[in-house]
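**Student:** Dropping a structure here in structure tokens format, bear with me for questions.
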């Protein structure tokens, strides 16, 4: 880091999925602005060109120093291969701190590899809890939080979860780096993306759907319920649903022999700017993604979450999101509540300066009282 960095000279960032690329982009750029040596390790958890390299290109990020190319495997095998590869990188470079983001297998592997190598771990977006241990991500979050030296929860609520669990690391409410990214790129998406004309869509006259979680798409009945509820509301309101379909979800549709209702149109996975434009232009978003719950809240688009639990309850507290579950009647009711809602809520995830706050904390040796998020 710079001369006033208290001896920190190199930061390693471990990532592996689309959301991590988006949320780590501000950290990578902040390192560059400060002259910090940033070692970028990509696990290859997302291995599709559509879900990976295009995001580096559009966000103008450097090519990772390492790509482990682990790809899709069982949780245990995937995490184990990542752990082995990351450990080799850390043994060679020995950075001062390893930053991991969120709750993926890449997050857990990066944190474990660093902790076992006696290297400080910083967890960006720490403290999120769905309180549903059937979610693999919940295990990843909890374990990562309890082995981290620096914990950067996005909100006071997530800080409270960490304090109640008596984690040993320093806790600093930093805000969420996704706010940094969306504030930087939303105008660019409006200016450059042609996705609305390409798909023949009119702003505020369509719905957007994302569904990819294993508990939703790997079970035939759950997937069918989800699609039924969304399509039923679309039919009632005479609007089309655009569904950028994850390859895994498409394979399940084919495997289960499910026919999509006519109200739902699938499209190929989208790049960052196109998806951001659709999120901002949709009149309503249906999702099972935690990241999309955050993004729609920031962009001012009402959201219906197709899950029974969420680790982003702040989005519901401010009125931007409604937890619906999968029952078609409940989905329709939730969508009826959210449609047309004015985006007059406060964004609960900070002011768009989370990355700078995180690096300030590392430079200062983690002094929480100096890094409060402005209200």
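**Student:** In degrees between 0 and 90, to the nearest 10, how far off the longest principal axis of the chain does helix 177-192 point, with axes built from Cα atoms?
**Tutor:** Approximately 50 degrees, to the nearest 10.
**Student:** For 256, 286, what ranking results if the residue with the fewest other Cβ atoms within 10 Å of its Cβ goes first?
**Tutor:** Listed from fewest to most nearby Cβ atoms, that is 256, 286.
**Student:** Mind running the shape call on the range 151-235? Use the C-alpha gyration tensor, a ≥ b ≥ c as the square roots of the eigenvalues: rounded below 1.5 for a/c, prolate if a/b tops b/c, oblate otherwise.
**Tutor:** Because a/c hits 1.5 or more and a/b fails to exceed b/c, the range 151-235 counts as oblate.
**Student:** Which whole-number percent is the relative contact order of the range 192-338 (Cα, under 8 Å, 6+ apart)?
**Tutor:** 27 percent
**Student:** If you line up the long axis of helix 105-116 against the longest principal axis of the chain, both from Cα atoms, how many degrees apart are they, to the nearest 10?
**Tutor:** 10 degrees
**Student:** Classify the chain as rounded, prolate or oblate from the Cα gyration tensor: take a ≥ b ≥ c as the square roots of its eigenvalues, call it rounded if a/c is under 1.5, otherwise prolate when a/b beats b/c and oblate if not.
**Tutor:** Prolate, because a/c is 1.5 or more and a/b exceeds b/c.
**Student:** Got the relative contact order for the chain handy, in percent, Cα pairs under 8 Å and 6 or more residues apart?
**Tutor:** 17 percent
**Student:** Could you please rank 317, 243, 185, 207, placing first whichever residue has the fewest other Cβ atoms within 10 Å of its Cβ?
**Tutor:** Least to most surrounded, the residues fall as 317, 185, 243, 207.
**Student:** Given the rule -39500 (n - 2.57) for each run of at least 4 DSSP H residues, summed and divided by the residues of the chain, what is its mean residue ellipticity at 222 nm, to the nearest 500 deg cm²/dmol?
**Tutor:** The per-residue figure over the chain is -14000 deg cm²/dmol.
**Student:** Taking the beta-carbon count within 10 Å as an exposure proxy, list 295, 134 from fewest neighbours to most.
**Tutor:** With the fewest neighbours first, 295, 134 line up as 134, 295.
**Student:** Over the chain, what is the percentage of antiparallel beta bridges among all DSSP beta bridges, to the nearest 5?
**Tutor:** If I count the DSSP bridges inside the chain, around 0 percent turn out antiparallel.
No lab work stands behind these numbers, since they all come straight from the coordinates. Not measured: the values here are computed from a predicted model. Ideal geometry is used to build each Cβ from the backbone, glycine not excepted, and the neighbour counts take in all protein chains shown.
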